[in-house]
1. For residue 703, go through the lysines and keep the ones whose alpha-carbon is under 28 Å away, minus same-chain ones fewer than eight residues off.
2. Using per-residue counts of other Cβ atoms within 10 Å, averaged over each peptide, order 669-676, 560-567, 589-596, 617-624 from highest down.
3. Note down the net charge around residue 666, summing +1 for each Lys or Arg and -1 for each Asp or Glu among other residues with Cβ under 15 Å from its Cβ.
4. How large is the charge dipole for the range 619-679, taken about the Cα centre, if only the Cβ atoms of Lys, Arg (+1) and Asp, Glu (-1) carry charge, to the nearest 20 debye?
5. Place +1 on the Cβ of every Lys and Arg and -1 on the Cβ of every Asp and Glu in the range 513-601, take the dipole about the Cα centre, and give the residue among 594, 577, 531 whose Cα lies farthest towards its positive end.
6. So between residue 595 and residue 10, what do we pick up on full extension, going 0.36 nm a residue minus the alpha carbon distance?
7. Of 88/350; 239/352; 202/350; 20/352, which sit over 31 Å apart, Cα to Cα?
8. Just to verify a number: FRET efficiency for residue 45 and residue 181, C-beta to C-beta distance, R0 = 51 Å, to 0.05?
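Every number here is computed from the coordinates shown, using simple stated rules; none is lab data. All values reported here derive from a predicted model rather than from experimental measurement. In this analysis, Cβ positions are derived from the backbone assuming ideal geometry, glycine residues included, and neighbour counts consider all displayed protein chains.
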Amino acid sequence: MSEEAEAYDRVHAILSDARKLSGRELTRYLDETCGRDVELRASVQRLLTAGSDERANDLFSEEQLGSLPRELAGWLPPSIGAYTVLGKIGQGGMGVVYEAEQAAPRRKVAIKLLHPMTATAESLRRFRREAQLLGRLQHPGIAQIIEASTHDLGRGAQPFFAMELVDGLPLTDYADANALDVRARLALIAQLCDVLEYAHVKGVIHRDIKPANILVTTEEASGRGRAIDTENASHARLKILDFGIARATDSDLTAATLQTSEGQLVGTISYMSPEQASGDPEAIDERSDVFAVGVLAYELLAGHLPLRTQGMLLHEAVRVVREDEPSSLGTLDRTLRGDVETIVAKALEKEKERRYRSAAEMAADIRRFLSNQPIAARPPSAIYQLGKFARRNKALVGGVLATLVVALVGAGISIAFAVDANRRSEELSRVVDYQSSQLAGIDVPRMGDGLRAALMDEARAAWERAGVQGAQLDERAGELEQLLNGLNFVDLSLYTLNENIFTRAQRTLAQQFQDQPLVEARLLTTLATTMKTLGLLAPANDSYARALAIHRRELGDEHLDTLASVAELGWLLALRMEWGEAEQLLREAYDVRSRLLSADHPDTYNAHRCLTFVLANAGPERREEYLRMQAWQCDWLERDLGSDHLDVITNRAALLRDQGRLEEAEPLFRRHLDVLRERHDTDSLALLVPIRNFSEFLLRMGKLEESEALIRESLEGTRRLLGEDHRLTVGAMSILGMALHRQGKVSEAEPYLAAAQSHEDTGDARAP
């Protein structure tokens with residue numbers, strides 16, 4: 001027996017008994033067995049420390065490779081089973097991986113042998129599970145298992161399995177060695193997603209995606225660690241290794257995998273998802289692997305990991321993974337702005353509900369980007385879609401987008417805010433009020449039609465100037481027309497209005513009225529109200545906030561003009577569903593007006609009404625206060641308007657609904673809607689919003705078919721009038737998705753629910 005083998009046997013014999021002891025008993029035992037052999041004692045103690053280290057939760061982690069004592073390798077056995085051992089490939093917490101040769105058929109293989117010094121019940125369970133999982137996964141992108149058996153090296157039967165030997169480089173090394181560009185690196189990520197999707201469909205989550213576990217080979221590759229020249233890069237094929245900590249999601253392996261204790265970390269911390277780093281095995285699913293792919297994609301594109309955890313204590317590294325946000329790729333490299341950073345950012349979302357739902361979805365988005373198609377990871381706004389089209393049709397860039405502004409003016413929007421600081425404030429206010437009324441009365445859908453026609457005309461003219469004719473011209477025009485059919489020109493019109501009229505007006509007011517702050521506040525309020533009417537809520541927010549700041553500074557907190565600004569901004573925040581700030585402002589307006597004007601004053605009632613709306617959406621903990629305020633509001637209206645007034649009927653219906661008295665509320669809602677249909681045409685928000693609300697009410701009652709029909713009517717109208725991104729449109733999408741889903745129309749419901757979730761303003765709050 002060789003000296004290495006004798007040392008191996010001696011250490012193993014001492015270690016077997018030493019594991020059962022602690023404290024003074026362990027010290028006494030080591031004194032007796034090791035005597036004055038300092039090196040022997042040090043070897044045993046290093047192995048004991050490695051086995052008890054709380055940080056060594058992941059027996060496969062990259063951090064463990066090479067960190068365990070050299071004694072773990074032992075000597076090189078001549079053979080394992082029917083395989084002749086040629087050399088050692090590597091070692092980890094569970095054991096050693098050898099390169100070996102099989103006699104028949106003659107081929108080289110990798111042997112993974114569980115080391116007896118680390119053979120615990122947990123490691124045996126993981127080892128057997130890896131063999132089971134690899135046996136079920138038959139895919140060219142996954143290293144295949146050849147045999148699972150045991151072999152006696154002199155210390156009893158040790159489990160091993162033989163698997164396909166993969167010649168190649170870790171993914172990041174391959175990309176760097178071949179100087180791959182961004183598109184080539186993304187193509188490899190898409191290929192990785194394909195392989196993971198196969199494993200996920202088979203019920204297996206890898207849980208340790210990292211460069212060392214993804215080797216890249218080519219048809220010409222013929223040596224471990226050899227760089228592959230760029231001419232062969234297009235032939236690259238991925239192989240995923242190491243399913244040692246993979247988790248099965250179906251019944252036959254669930255009993256084994258669910259024994260992972262809560263709080264135990266498995267995986268490599270730098271690539272872990274937040275839920276995996278939290279140590280809760282029940283929170284881990286396919287999206288955890290998607291997160292790891294996002295980390296890998298970030299590393300491939302940026303040249304470093306998104307979050308730096310190296311050298312940190314475990315608890316601090318876990319905190320970083322769970323809480324810290326990486327820098328966006330676009331801030332590191334301008335060429336990665338846009339779709340690339342959006343795709344990676346979606347994969348790296350802390351909340352798994354906001355990530356790609358599957359590896360297949362991420363692969364599809366990458367391939368959309370590679371083929372210059374709009375990706376699904378961001379709302380398909382008009383500007384975004386046109387930008388994608390322009391990159392594929394560069395002849396348009398020079399003139400078409402600029403034509404949109406010209407078309408806007410040509411459509412009759414030649415109004416500019418007259419802001420002559422020398423005019424008397426009363427005269428100026430009349431001018432601005434007039435111009436605001438003109439802007440608020442714009443027929444935005446009609447403007448959108450004009451922009452669409454202008455864009456088509458200018459596109460054809462641009463192509464003709466570039467020499468495109470005949471069938472090629474018709475083909476390009478057809479492609480553009482198809483794209484435009486999928487765009488919402490209401491969104492584009494509103495965007496153009498904001499950029500070319502309202503933003504300029506805000507800037508001009510700030511410049512020309514520094515010495516007339518109260519005039520500036522009045523004009524800002526008028527401007528903001530106009531934007532709110534058109535649905536430009538975010539831009540209106542800034543103007544209302546500026547007006548309020550001026551009023552507080554110039555007039556004090558309890559002046560009626562200040563309270564009006566407080567109420568305006570509070571109501572706008574409510575429309576944007578920013579409930580906390582909205583409640584704070586509206587409660588201030590209501591409390592101070594009640595004291596200054598009395599509880600029955602119309603201004604006080606208006607603040608009360610707005611505050612009631614906010615409380616209705618503030619959650620169950622505010623329910624009692626909301627119901628009390630809603631009842632007071634109904635009584636106030638009935639005293640003022642009479643029991644048959646339409647406002648009294650709808651408020652009473654809302655109170656009954658929220659008290660859970662649905663059967664009593666239904667006829668009042670129907671009566672309200674019937675009257676509105678008589679008073680308003682089908683393109684009026686005064687009709688479309690109540691239709692939406694009644695549809696939601698019917699959904700709650702379980703009258704699904706009628707709810708679906710009504711919400712389709714409301715969605716079509718709000719989409720036409722307000723655009724795809726308006727909160728009312730998004731809310732209608734959500735209601736329609738739920739109505740379809742509850743009827744079992746899952747595939748039909750999915751796009752509506754997904755579209756609603758993808759918008760910032762997604763919410764189910766009732767519209768005012």
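1. Correct list for residue 703: 745.
2. Details: 669-676: 16.1, 560-567: 21.8, 589-596: 18.9, 617-624: 12.2.
Descending packing order for the listed peptides: 560-567, 589-596, 669-676, 617-624.
3. Details: positive: 652, 657, 661, 670, 671, 700, 703; negative: 658, 663, 664, 674, 696, 706.
For residues surrounding residue 666, the net value is +1.
4. Computed charge dipole of the range 619-679: roughly 140 debye.
5. Checked the options; the winner is 531.
6. On the way: separation 585, 0.36 × 585 = 210.60 nm, distance 8.91 nm.
Roughly 201.7 nm would be gained on extension.
7. Numbers: 88/350 39 Å; 239/352 26 Å; 202/350 26 Å; 20/352 42 Å.
Beyond 31 Å: 88/350; 20/352.
8. E between residue 45 and residue 181, to the nearest 0.05, is 0.50.
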